[in-house]
Amino acid sequence: MLTLAYNRPAISEQEQYLQQFVVDNAPVLALKAIAASHGDVTYAQLQNLVNHQLAQWWLLPHDNLLPANHYEASYWSLVQTVSGISDYQLLGDRFIRHKVASLSCYLLNIGPSPNVAAISRP
């Protein structure tokens, strides 16, 4: 169904900053996650990127805990997955590797939309 431009709800400037943050950072994290799952970069480098992105996120003003869209929910799901595992799980656990790959491919716009459980912003 098409939505007319003048019927679209206005997005606050704060929410636009948050959405732009996700659009800018999601592909970077996705590429690094795929590389780490193949052993091309170290798990420590991936964790440093996640920590850096989270530090940048906390500098932004936000009060809404719900992701704005499915893309953002997928980004936070990838952040949560990468933060909650260890290096050997990323390299050896087929389920985790599949989850990381499917979320990453979606964030890079080269894969279908994965099923993402309800998640909130940090």
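When only the Cβ of Lys, Arg, Asp and Glu is charged (+1, +1, -1, -1), the dipole of the chain relative to its Cα centre reaches about 280 debye. Accessible area per residue (1.4 Å probe, heavy atoms of protein chains only) ranks ILE110, ILE34, ILE11 as ILE110, ILE11, ILE34, with the largest value leading.
Computed from Cα atoms, the angle from the helix 13-37 axis to the main principal axis of the chain rounds to 20 degrees. Round to the nearest 10 and give me the degree value, 0 to 90, for the angle of helix 43-59's Cα axis relative to the longest principal axis of the chain. In the chain, helix 43-59 runs at an angle near 20 degrees to the longest axis.
Against the criterion of solvent-accessible heavy-atom surface with a 1.4 angstrom probe, ASP24, ASP40 sort, most first, into ASP40, ASP24.
Rolled with a 1.4 Å probe across the full set of protein chains, the surface gives HIS52 an accessible area near 100 Å². For ASP63, the solvent-accessible surface computed with a 1.4 Å probe is close to 130 Å², ligands and nucleic acids excluded.
Just the protein heavy atoms count here, and of the accessible area of the chain at 1.4 Å, carbon and sulfur take up 58 percent. Farthest toward the positive end of the dipole of the chain, out of LEU78, TYR88, ASN25, is the Cα of TYR88, where the dipole comes from beta carbon charges about the Cα centre. Rg/Rh for the chain (Cα atoms only, Rh after Kirkwood) is 1.00.
Other residues with beta-carbon under 11 Å from the beta-carbon of ILE85 carry, at +1 per Lys or Arg and -1 per Asp or Glu, a net charge of 0.
The values are calculated or read from the model by the stated rules, or taken from the named source; none is laboratory data. The structure displayed is predicted, hence computed values, not measured ones. Because the Cβ atoms are built from the backbone with ideal geometry, glycine has one as well, and the counts that use them run over all protein chains shown. To get the accessible areas, we keep the full protein, side chains included, count just its heavy atoms, and leave off ligands, DNA and RNA. Shrake-Rupley method; radii C 1.70, N 1.55, O 1.52, S 1.80 Å.
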